1. May I ask you to list the residues in the range 244-279 that are among the β-branched types (Val, Ile, Thr), buried (at least 16 other Cβ atoms within 10 Å of the Cβ) and more than 22 Å from LEU232 (Cβ to Cβ)?
2. With respect to GLY252, is the statement that it is touching a residue at least 12 places away in the same chain (Cβ under 8 Å), at positive phi and not in a strand (DSSP E or B) true?
3. Listed residues ILE296, ILE306; which is among the aliphatic types (A, V, I, L, M), outside the structural domain of ASN236 (by TED's automatic domain parsing) and farther than 25 Å from GLN254 by Cβ?
4. So which residues in the range 215-237 are closer than 17 Å to GLU24 by Cβ, of a type in the set (S, T, N, Q) and either crowded, with 19+ Cβ neighbours inside 10 Å or at pLDDT below 90 (or both)?
5. Considering only the range 31-76, state which residues are at positive phi, of a type outside the set (D, E, K, R) and surrounded by fewer than 16 Cβ atoms within 10 Å (Cβ to Cβ).
6. Here are ALA347, ALA326, ALA340: which of them is of a type in the set (A, V, I, L, M, F, W, C) and free of Cβ contacts under 8 Å to residues at least 40 places away in the same chain?
7. Just the residues that are assigned to a strand (DSSP E or B) and of a type outside the set (A, V, I, L, M, F, W, C), please, taken from the range 204-247.
8. Can you pull out every residue in the range 146-169 that is in a helix (DSSP H, G or I) and either in contact with a Phe, Trp or Tyr (Cβ under 8 Å, 6 or more places away or on another chain) or free of Cβ contacts under 8 Å to residues at least 12 places away in the same chain (or both)?
Amino acid sequence: MTLNLEAAMAARNVDVALTVSPGETIAIMGPNGAGKSSVIQMLAGLVKPSSGSATLDAHTLFRLSPGNVWLAPHERGVGVLAQEPLLFPHLNVLDNVAFGPRSQGASRRESRNIASHWLAEVDALELSNRLPAQLSGGQGQRVALARALATDPQLLLLDEPMAALDVNSAPFLRSLLKRVLAGRRAIIVTHDVLDALMLAERIVVMDGGRIVESGPTATVLAHPRSSFAASLAGLNVLSGTISGSTLAMSDGVQVTGRPVGGAAEMAGLAAFPPSAVSVFLAPPAGSPRNCFKVTISELEPHGGHIRVRAGGLAADLSPAAIAELALLPGSEVFFVVKAAETILYPA
């Protein structure tokens, strides 16, 4: 039994199809405006798509074509954790968390017992008598998580839950989510690759309202097939046709590397990290290398290095190397990477 979503929302140019198995957490990632939050909102019942359907196990959340089924948000068995806690300001923490079970028909005593249990699970039981205005951002998110879990949802939806937290609160909530999401079906929308690495078995990449890549987290980050996934993984990725140890790009450039996968001619990708790229002012001679003539677009700090961006590619150099080469935006240079540092794999 799974979550199945196939829906389109013409007003936002979103058209998606995805499944989530019981006990599986997936991370939806992509650039701003890709449609990630629209998926969450459709499943939560906060926005209505133009067509499609969603089922959660044997439960129809909505079906718009054919027929017309639309369950209200509180009837869906879905819990939501948004960027902001959105707690009721006039209720204390305990009553905020107890609100869901009480709405489901639990007695006042039972709903408070459930609330106390989940507040303890998120290390917030000592906050029970406080009002939301008396909570820090991290405390508010922990209480909001307890509230989402208190209704025992069949699906938990998390829409960038760490986005509004400071750098000290986010790691704690991330570790907490890793513990409470174990064995629970969930979808998390995030921009942070660390969230995907820690929390999700699978990454779904969206762009332009469509799913452009999906797979196990480790596979997507090791062998990305979209530019966004490549940026997450910190890799340069080029596309073309693989034949043996060579990838031929559409502009005629050939890239030599180590093939991973089949040997037959096929659509494929070449990947190499920015740390493997050397920068020269003139084409170098020597051992087999891949050489790309590029124009530098920007320089930016990246850890203890400077990341040099040019034509969709990136190289990481030391500040001393930047100074020695006198690199500036607009400089024409050659990005060079050894064939041994380049991996070729099927698209």
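The values are calculated or read from the model by the stated rules, or taken from the named source; none is laboratory data. Everything numeric in this text was worked out from a predicted model, so none of it was measured. All Cβ positions, even for glycine, are placed from backbone atoms using ideal geometry, and neighbour counts span all protein chains on display.
1. THR246, THR256, VAL279, listed by residue number.
2. When the stated conditions are applied, GLY252 does not pass them.
3. Going through ILE296, ILE306 in turn, the sole match is ILE306.
4. THR217
5. GLY33, GLY67
6. Result of the check over ALA347, ALA326, ALA340: ALA326.
7. ASP207, ARG210, GLU213, SER214, GLY215, PRO216, ASN236, SER239, GLY240, THR241, SER243, THR246 - these are the residues of the range 204-247 that are assigned to a strand (DSSP E or B) and of a type outside the set (A, V, I, L, M, F, W, C).
8. Hits for the range 146-169 are ALA146, ARG147, LEU149.
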